[in-house]
1. Limited to the stretch 408-426, what total is found for residues that are assigned to a helix (DSSP H, G or I) and of a type outside the set (S, T, N, Q)?
2. Residues Gln139, Gln80, Gln90, Gln135: which one is modelled with pLDDT under 95, of a type outside the set (Ser, Thr, Tyr) and on the phi > 0 side of the Ramachandran plot?
3. Which residue, of Ala70, Ala122, is surrounded by 14 or more Cβ atoms within 10 Å (Cβ to Cβ) and assigned by TED's automatic domain parsing to the domain that holds Lys44?
4. Is the stretch 183-194 home to any residue that is of a type in the set (Val, Ile, Thr), in contact (Cβ under 8 Å) with a residue 60 or more places away in the chain and touching a Leu at 6+ places or on another chain (Cβ under 9 Å)?
5. With the checklist (1) more than 22 Å from Arg262 (Cα to Cα); (2) loosely packed, with under 15 Cβ neighbours inside 10 Å in hand, flag the one item Asp336 doesn't pass.
6. Of the numbered conditions (1) buried (at least 16 other Cβ atoms within 10 Å of the Cβ); (2) in the same structural domain as Leu75 (by TED's automatic domain parsing); (3) among the small types (Gly, Ala, Ser), Gly184 satisfies every one except a single condition; which is it?
7. Report whether or not Arg441 is surrounded by 13 or more Cβ atoms within 10 Å (Cβ to Cβ), modelled with pLDDT under 90, under 35 Å from the mean Cα position of the chain (by Cα) and among the basic types (Lys, Arg).
8. Within the stretch 294-341, restricting attention to residues that are in a strand (DSSP E or B) and over 22 Å from His359 (Cβ atoms), which residue is modelled with the lowest pLDDT?
Amino acid sequence: MDLKDVAQALRAGWWLVVAAVLVGVATGGALTWSATPMYASTTKLFVSTSTTTDTSSAYQGNLFSQQRVASYAELLSGVQLAARVIEELQLDMTPDELAAKVSATAVPETVILTVTVTDTSALRAQDIAASLGRQFAAQVTELETPAGSDASTVKVATVQPAALDETPVSPDAVRNVALGAVLGILAGLGLALLRSRMDDTVKTSEDVTCLTGVGLIGTVLEDPRVAEDHVVTDQNQHSIAAEAYRSIRTNLQFLNVDNPPRVIVISSATPGEGKSTLAINLATVLAQSGSRVMLVEADLRRPRVTRYMGLISGAGLTNVLGGTAMLHEVAQPWGDGRLSVLAAGPMPPNPSEMLGSRHMKMLLDDLCERYDYVLIDAPPLLAVTDAAVLTALSDGCLLTSRYGKTRQEELAEAASSLERIDATLLGVVLNRVPQSAGAARGYGYAYSYEADPDRDTTGVVRSMTSARSERGRRRQPVDDTGPVAAVRSRR
């Protein structure tokens, strides 16, 4: 994983880092709040030999004391001295428990011992430290008094009495919270990288090319308006998603300049990847460019086109294929009339057989003569065979893949299913890409119209209102006298 992959992983998993930091800070704060405060008291002891006026003897005595100090530090934290302190202070604890509260260190190249006692009570810590000084002096006197002599060769004096310090030495709130934040950052970074490593969804153009063998024909950024109003490519809309569909139109027209695809199946690997929305908006922008377009709702199991466009879905493709309706009787115009929509019609018992029939081939040939483009909204490739059957009758298939949802193996299997029947995969559209994702770079620019303050827009508003009303009337079917009942049979 190179730096680019790491940066992409952190960009996609930033929320994991933030969550881990919050958990770490909360954990450090909780541990600080629940911990018992500890207090410390420190005393310093001076170790010396018997007084002498001879300089050489004094020097030798000082060296002797320095050598002894290291051993005395062990005595100060021993259980024997702890037992004396417990007896003096009448403490309710064992020698081992008290010894665990004592730490003694020798100041390097000196004869000074620093003794620190830590306890849950500041007053008791002071009492123990003071008692240790007294009991240690008595113990040293016993140990350093030669046999037959009444005077000890080593003396211990307290140079810093134990003080009462009511400021807790632990827990350290700042340190604990900072440590929790640091550990949270490390844990969040690790989780983000692990998530990226285990993520097997389609997210980049490199994924698409590697899995399908064709290029990425377009990228549609995440736009909340697409979920609310699936038709986002009206002439008056200039959103990022609308411009993305126009870019797909341009790329599609230049796939093969000499022999461009005209009958195009639009499908996906699995449901919920936005194939119907892509079909609707692509048909709309193709019609806006001046082309005559027919949009066929061939997803007979879960039709969405007519519902998204607000059209009538009672009669359509299955009626035409069954010979109970003529094409011009069930085709519904949209917008200025360049786009026509053929609804799915009643649900047949054998969708795959009907879509792969000779009548479907004849219908597509007829549509290809009448229209510049025929777009077919087909079911997902991995769910049923309908899309593969239709692709075999068309110029190719355009797959849509949802960013972060479509798994790589699913997209690869969808492409393989087309390859097995020698069908053409025109390209892949990466759908619903977050604007913060790396695949969205270069697609987030907008260039919209600016109002002219010197221009009178009253007449324009009236014209737009009239146009919307006219468009609403044009959405109605050609034959608005009711359902297709008295129709001529094709037989």
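The values are calculated or read from the model by the stated rules, or taken from the named source; none is laboratory data. What you see is a predicted model, and the numbers here were worked out from it, not measured in a lab. Using ideal geometry, Cβ is built from the backbone for each residue, glycine included, and neighbour counts are taken over all protein chains shown.
1. 10
2. Numbers: Gln139 fails: on the phi > 0 side of the Ramachandran plot; Gln80 fails: on the phi > 0 side of the Ramachandran plot; Gln135 fails: on the phi > 0 side of the Ramachandran plot.
None of the others qualify; the one that does is Gln90.
3. On the way: Ala70 fails: surrounded by 14 or more Cβ atoms within 10 Å (Cβ to Cβ).
Only one candidate passes the filter, namely Ala122.
4. Our first condition is that a residue be of a type in the set (Val, Ile, Thr); within the stretch 183-194, this holds for 185.
From what is left, the residues that are in contact (Cβ under 8 Å) with a residue 60 or more places away in the chain are 185.
Subsequent filtering for residues that are touching a Leu at 6+ places or on another chain (Cβ under 9 Å) retains none.
Within the stretch 183-194, none of the residues are of a type in the set (Val, Ile, Thr), in contact (Cβ under 8 Å) with a residue 60 or more places away in the chain and touching a Leu at 6+ places or on another chain (Cβ under 9 Å).
5. Condition (1) is where Asp336 drops out.
6. Condition not satisfied by Gly184: (2).
7. Details: surrounded by 13 or more Cβ atoms within 10 Å (Cβ to Cβ): no; modelled with pLDDT under 90: yes; under 35 Å from the mean Cα position of the chain (by Cα): yes; among the basic types (Lys, Arg): yes.
For Arg441, the condition - surrounded by 13 or more Cβ atoms within 10 Å (Cβ to Cβ), modelled with pLDDT under 90, under 35 Å from the mean Cα position of the chain (by Cα) and among the basic types (Lys, Arg) - is not met.
8. In the first step, residues of the stretch 294-341 are kept if they are in a strand (DSSP E or B); the result is 294-297, 331-334, 339-341.
Still in the running and over 22 Å from His359 (Cβ atoms): 333-334, 339.
Details: Pro333: 93, Trp334: 90, Leu339: 94.
Only one residue fits best here, namely Trp334.
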